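Below: one structure, written as structure tokens.
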Amino acid sequence: MLELVLFSLLNGLVFATLLFMLSSGLTLIFGMMGVLNFAHAGFYMLGAYFAYTLTGYLGFWPALVVAPLLVGLLGAAVERYGLRRVHRFGHLAELIFTFGVAVVIEEVVQLAWGRTAKSYEVPALLDFPLFRLFRTSFPAYKAFMLLVSVGIFVFLFAILTRTRAGLIIQASLTHPGMVAMLGHDVPRVFMLVFGTGSALAGLAGVIAGPVLGTFPGMAQVLGTIVFVVVVIGGLGSLTGAFAASLLIAIVQTFAVALDVSLSSALATVGLRMSAGGMLQDLWKVTIAQVAPIMPYLLLVLILVVRPTGLFGTRET
């Protein structure tokens, strides 16, 4: 039992780090620009594919730096030459544009790399068990993912709250005219924010590629759940994204590990369900079977109780 709890908690933390690395960029873009970027998961996928290609030529560690930079430059170009032009037509036009970018990215990935899954290995420096408990070991690479995610959170929080650049970025959203009158290039600020958010998504793809695999459908696998994270945490709240990532990942990881149904739980306390009845199959459904829908159940609950999310101030 101790082994199950400990490793479910550790795996939940690792999954939470991946969700946060992906959702932090989306949160940054929405919080600073008010744009809900549907193409964000596509940039995550590009990060993984760029790293796969670069690893074959340069190795994992250079790819860890170069791939997110390439994705960030591509994101900045998308904002400069596409999103900026449709911005004046309102949020609906922005949503349609980013959705179209997501479709284009998916098709380009399949055209360039094919439809089969790609794989690149965990770097040799981190390819060992960090520790072993009972019969299960915890890989050092997962601990590396934890450290990177915490570092990103601390870095972004410090930049946005403790530096002059962070104050300019936040002021550009609420008072762009005033910021422009003070001599700052507001469109350039937005381009840098969008590029940085895209680079964070690319970094998540680089790190997740060796663990979750690199394949054309990887954007759809995490794309919807990342939006759930952002909404539950509160649109635009970096702290909320971090808290929601922890909440969703740990709940889902423990749920997957619990192969217990309502009927078996009642049987342990001496209660037996009748074999017949309209709901006889419902009592046999295990917690592990409903684990994939738990984030969405949490989303509905949060929206009913607190529509702005846990830490958000914007209406969803």
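The values are calculated or read from the model by the stated rules, or taken from the named source; none is laboratory data. It should be emphasised that the depicted structure is a prediction, and the values quoted were computed from it without experimental measurement. Glycine also receives a Cβ, built like all others from the backbone with ideal geometry; neighbour counts cover every protein chain displayed.
Per the listing Val108, Val104, Val71, the residue uniquely modelled with pLDDT of 90 or more, in contact with a Leu (Cβ under 9 Å, 6 or more places away or on another chain) and loosely packed, with under 15 Cβ neighbours inside 10 Å is Val108.
I'd like the full set of residues that are among the β-branched types (Val, Ile, Thr) and either buried (at least 24 other Cβ atoms within 10 Å of the Cβ) or closer than 17 Å to Phe311 by Cα (or both), limited to region 25-55. Can you show your working first?
First, pick out the residues of region 25-55 that are among the β-branched types (Val, Ile, Thr): 27, 29, 35, 53, 55.
Thr27, Ile29 - these are the residues of region 25-55 that are among the β-branched types (Val, Ile, Thr) and either buried (at least 24 other Cβ atoms within 10 Å of the Cβ) or closer than 17 Å to Phe311 by Cα (or both).
Restricting attention to region 123-151, the residues that are among the polar types (S, T, N, Q) and touching a residue at least 40 places away in the same chain (Cβ under 8 Å) total 2.
Can you find a residue that is in contact with a strand residue (DSSP E or B) (Cβ under 8 Å, 6 or more places away or on another chain), in a helix (DSSP H, G or I) and modelled with pLDDT under 90 anywhere in region 266-284? For region 266-284, residues in contact with a strand residue (DSSP E or B) (Cβ under 8 Å, 6 or more places away or on another chain), in a helix (DSSP H, G or I) and modelled with pLDDT under 90: present.
Is one or more of the residues making up region 153-169 of a type outside the set (Val, Ile, Thr) and under 16 Å from the mean Cα position of the chain (by Cα)?
yes
Condition check for Phe131 on (1) modelled with pLDDT under 80; (2) in contact with a strand residue (DSSP E or B) (Cβ under 6 Å, 6 or more places away or on another chain): one failure, at (1). Looking at (1) over 20 Å from the mean Cα position of the chain (by Cα); (2) assigned to a helix (DSSP H, G or I); (3) surrounded by 13 or more Cβ atoms within 10 Å (Cβ to Cβ), find the lone condition where Trp61 falls short. Exception for Trp61: condition (3). Would you check if there is a residue in region 8-15 being hydrophobic (A, V, I, L, M, F, W, C) and at pLDDT 90 or above? Checking region 8-15: not a single residue is hydrophobic (A, V, I, L, M, F, W, C) and at pLDDT 90 or above.
In the set (1) under 29 Å from Ala208 (Cα atoms); (2) modelled with pLDDT of 75 or more; (3) surrounded by fewer than 17 Cβ atoms within 10 Å (Cβ to Cβ), Leu303 fails one condition alone, (1). Residues that are under 23 Å from the mean Cα position of the chain (by Cα) and under 16 Å from Gly197 (Cα atoms) were ranked within region 74-93; the one that is modelled with the lowest pLDDT is Leu83. Pairs, please: C-beta under 6 Å, at least 6 apart or cross-chain, first residue surrounded by fewer than 17 Cβ atoms within 10 Å (Cβ to Cβ) and assigned to a helix (DSSP H, G or I) and in region 1-22, second aromatic (Phe, Trp, Tyr) and at pLDDT 85 or above? Filtered contacts from region 1-22: no entries. Considering region 78-101, the residues that are among the small types (Gly, Ala, Ser) and more than 23 Å from Phe215 (Cβ to Cβ) include one that is surrounded by the most Cβ atoms within 10 Å (Cβ to Cβ), namely Gly82.
Any residue at all in region 95-112 that is under 21 Å from Ala219 (Cβ atoms) and aromatic (Phe, Trp, Tyr)? So far as region 95-112 goes, yes, one or more of its residues are under 21 Å from Ala219 (Cβ atoms) and aromatic (Phe, Trp, Tyr). In summary, helices (runs of 4 or more DSSP H) completely within region 151-228 and bearing 2 or more residues that are buried (at least 18 other Cβ atoms within 10 Å of the Cβ) occur at 164-174, 186-212. Within region 115-140, how many residues are farther than 18 Å from Ala48 by Cα and part of a loop (DSSP other than H, G, I, E, B)? Here the count works out to 4.
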